[in-house]
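**Student:** Structure below; questions to follow.
The values are calculated or read from the model by the stated rules, or taken from the named source; none is laboratory data. Not measured: the values here are computed from a predicted model. In this analysis, Cβ positions are derived from the backbone assuming ideal geometry, glycine residues included, and neighbour counts consider all displayed protein chains. Remember, those area values only see protein heavy atoms, side chains included, never the ligands or the DNA or RNA. Shrake-Rupley method; radii C 1.70, N 1.55, O 1.52, S 1.80 Å.
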Amino acid sequence: MLFGNPTLGTLATLAFEHPQRQTFFRRELGHFLRLSYQHQLDPLAIKGSPAGAIGMAQFMPSSYQAYAVDGDADGRIDLLRSTSDSLASIANYLSRHGWQAELPLMLPVTINKQSLPAVSTKLAKGGRSLSEWHDLGVRWHGQLLAQVSDKVKYRLYAFTTHADDEYLLTTGNFYVITRYNRSLWYARLVAELAQSLAPQ
């Protein structure tokens, strides 16, 4: 989805009026101007998110330059209008951040007091195997233990809902999604949507 904020004005405002992240947004402003020149885009015509992300993939300008690819092989990269370029670029972004095909995403679980201290409070790679989590009192649908290699490492996260806390064991692929957007809830939504669309 494309947004309606003029990206040049957005980045310029954030670059000079956002004290906490001035350095970041000044770099993004520079990337945006180089990107516009390299791809022959009118910087005054491009619109994006309130944070300066642009195109269908909602890449910041630095990510556009680093990860955008020509998905439809037409000789140009256009994340503003080309669905093929956008999807291929998102796939490239995930791959470059460590996405592993066939690796599970997440596993709903229940925990006890013994496992509560192991709940992650920040995003990170790595974790424990399912057998290690089992020893810590984490429980899930029993048959899954035999289906997943013990080499796969999981981290445990809590999600507070209106009803009660929910817990998920998540793999490195879940962590990769958080490189795209650092919100745990965003990553969970993407993972659940992907699982609902996967062939059964």
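**Student:** Examine the stretch 169-188 for a residue that is open to solvent by 30 Å² or more (accessible area, probe 1.4 Å), more than 23 Å from Gln58 (Cβ to Cβ) and touching a Phe, Trp or Tyr at 6+ places or on another chain (Cβ under 7 Å), and state whether such a residue exists.
**Tutor:** No; the residues of the stretch 169-188 include none that is open to solvent by 30 Å² or more (accessible area, probe 1.4 Å), more than 23 Å from Gln58 (Cβ to Cβ) and touching a Phe, Trp or Tyr at 6+ places or on another chain (Cβ under 7 Å).
**Student:** Residue check: is Lys153 open to solvent by 40 Å² or more (accessible area, probe 1.4 Å), among the basic types (Lys, Arg) and modelled with pLDDT under 90? Step through it out loud before you land on a result.
**Tutor:** Working: open to solvent by 40 Å² or more (accessible area, probe 1.4 Å): yes; among the basic types (Lys, Arg): yes; modelled with pLDDT under 90: no.
Against the criterion (open to solvent by 40 Å² or more (accessible area, probe 1.4 Å), among the basic types (Lys, Arg) and modelled with pLDDT under 90), Lys153 does not qualify.
**Student:** Among the residues of the stretch 59-76, count how many are outside any helix (DSSP H, G or I) and either buried (at least 20 other Cβ atoms within 10 Å of the Cβ) or touching a Leu at 6+ places or on another chain (Cβ under 8 Å) (or both).
**Tutor:** Here the count works out to 4.
**Student:** Also: Name the residue that is least open to solvent (accessible area, probe 1.4 Å), counting only residues in the stretch 92-125 that are of a type in the set (Gly, Ala, Ser) and either in a loop (DSSP other than H, G, I, E, B) or under 20 Å from Arg188 (Cβ atoms) (or both). Spell out the reasoning first.
**Tutor:** Residues of the stretch 92-125 of a type in the set (Gly, Ala, Ser): 95, 98, 101, 115, 118, 120, 124.
Within this subset, residues satisfying the condition of being either in a loop (DSSP other than H, G, I, E, B) or under 20 Å from Arg188 (Cβ atoms) (or both) are 98, 101, 115, 118, 120, 124.
On the way: Gly98: 38, Ala101: 81, Ser115: 0, Ala118: 23, Ser120: 20, Ala124: 27 Å².
It comes out as Ser115.
**Student:** Which of (1) without any contact (Cβ under 8 Å) to a residue 40 or more places away in the chain; (2) farther than 25 Å from Phe174 by Cβ does Ile54 not meet, given it meets every other one?
**Tutor:** Answer for Ile54: the failing condition is (1).
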